[in-house]
Amino acid sequence: MDSPPALELTGLTKHYDDGTVALEGFDLTVPDGAFFGLLGPNGAGKTTLISAVCNLIRITSGDVRVFGVPADDLLARSWVGLAEQDINLDRFLTVEETLIYHGGYFGMEKRDAVERAHEMIDVFDLRSKKDVRTPKLSGGMRRRLLLARALMHRPRLVILDEPTAGVDFELRQELWRYIRKLHEGGTTILLTTHYLEEAEELCEEIALIRGGRLLARDSADGLRAAYDAGSLADVYVKAMSPT
Ligand SMILES: Nc1ncnc2c1ncn2[C@@H]1O[C@H](COP(=O)(O)OP(=O)(O)OP(=O)(O)O)[C@@H](O)[C@H]1O
Ligand SMILES: [Mg+2]
């Protein structure tokens with residue numbers, strides 16, 4: 001039996017209230033189990049697309065499905081784990097509370113949530129900060145907690161909106177390693193990044209977005225061939241330059 005794609009966008013259009021056209025007639029299918037990258041300049045529509053997938057915004061028109069289920073269905077929401085671009089942690093909660101509350105929000109049993117929280121705390125090396133409130137964490141620790149929180153409820157699709165922005169070399173390597181492991185375990189990954197080498201290193205397929213439209217989607221090799229370019233950076237420059 002064919003499993004439905006992790007993500008299926010059909011004619012996705014989002015016009016914000018002030019008239020900004022963030023996405024226009026956007027079609028995209030991401031297969032179950034893919035490691036998929038979204039690349040595009042500031043304001044291209046990447047975060048808007050992610051917000052539509054997570055049902056955080058009201059879309060203007062189109063259809064968004066997560067593993068075959070409409071994105072505004074609670075089931076769809078429960079299958080997605082999102083680490084947002086903006087670090088939005090509750091400043092009154094400790095590391096442990098942040099994770100356990102999130103588990104509760106997604107309907108996890110208390111015991112399971114506590115166990116999973118401790119697992120995440122170990123995986124992301126936050127043990128010594130377990131009882132520390134989030135404003136007292138370093139920037140990199142906040143990123144790690146954000147990722148741990150996104151993974152708490154064992155989502156089938158993990159969306160990472162610029163997870164390595166402002167992250168040091170060592171932590172970036174660590175995050176890469178962990179995200180790869182997740183992917184090997186069958187989790188679908190959707191990643192946005194402005195680091196082209198990151199997209200090239202991690203993603204099996206990449207979508208290039210500009211001005212709310214899909215320009216191309218292919219493997220890094222496929223994109224290089226299609227744009228007759230030597231590197232992904234060359235592809236990017238060629239794709240993004242207005243002609
Ligand atoms: N709440 C909002 N109201 C009005 N316009 C918005 C809102 N949120 C985003 N936009 C606009 O929609 C467009 C797409 O923004 P979006 O955040 O999706 O881009 P992005 O690709 O994530 O960019 P970045 O790489 O900078 O994160 C931009 O023109 C942005 O200013
Ligand atoms: Mg963004």
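Where a number appears in this text, it was derived from the coordinates with a stated rule and is not lab data. What you see is a predicted model; the values in this text were computed from it and never measured. As a convention, Cβ positions derive from the backbone with ideal geometry for all residues, glycine included, and neighbour counts pool all protein chains shown.
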task: Output the residues belonging to region 4-53 that are more than 8 Å from ligand 1 (Cβ to nearest atom) and in a loop (DSSP other than H, G, I, E, B).
output: PRO4, PRO5, ALA6, GLY19, PRO31, ASP32, GLY33, ALA34
task: Confirm whether ALA207 is buried (at least 20 other Cβ atoms within 10 Å of the Cβ) and either away from ligand 2 (no atom under 16 Å from the Cβ) or of a type in the set (D, E, K, R) (or both).
output: no
query: Got a sec? Which of ALA150, ALA117, ALA113 is in contact (Cβ under 8 Å) with a residue 60 or more places away in the chain, touching a Gly at 6+ places or on another chain (Cβ under 7 Å) and either within 22 Å of GLU184 (Cα to Cα) or buried (at least 21 other Cβ atoms within 10 Å of the Cβ) (or both)?
result: ALA150
field: Failed item, numbered, when LEU9 is tested on (1) closer than 18 Å to LEU82 by Cβ; (2) surrounded by fewer than 17 Cβ atoms within 10 Å (Cβ to Cβ)
entry: (2)
message: Could you list, ordered by first residue, the pairs with Cβ atoms under 9 Å in which the first is in region 31-55 and under 18 Å from LYS14 (Cα atoms) and among the basic types (Lys, Arg) and the second is within 13 Å of ligand 2 (Cβ to nearest atom) and in a loop (DSSP other than H, G, I, E, B), at least 6 apart or interchain?
response: LYS46/GLY40; LYS46/GLN85; LYS46/GLU162
query: Within region 222-243, how many residues turn out to be assigned to a helix (DSSP H, G or I), small (Gly, Ala, Ser) and either in contact (Cβ under 8 Å) with a residue 24 or more places away in the chain or closer than 15 Å to ALA199 by Cα (or both)?
result: 3
task: Can you confirm whether region 4-15 contains a residue that is farther than 30 Å from GLY222 by Cα, free of Cβ contacts under 8 Å to residues at least 24 places away in the same chain and either touching a strand residue (DSSP E or B) at 6+ places or on another chain (Cβ under 8 Å) or not charged (D, E, K, R) (or both)?
output: no
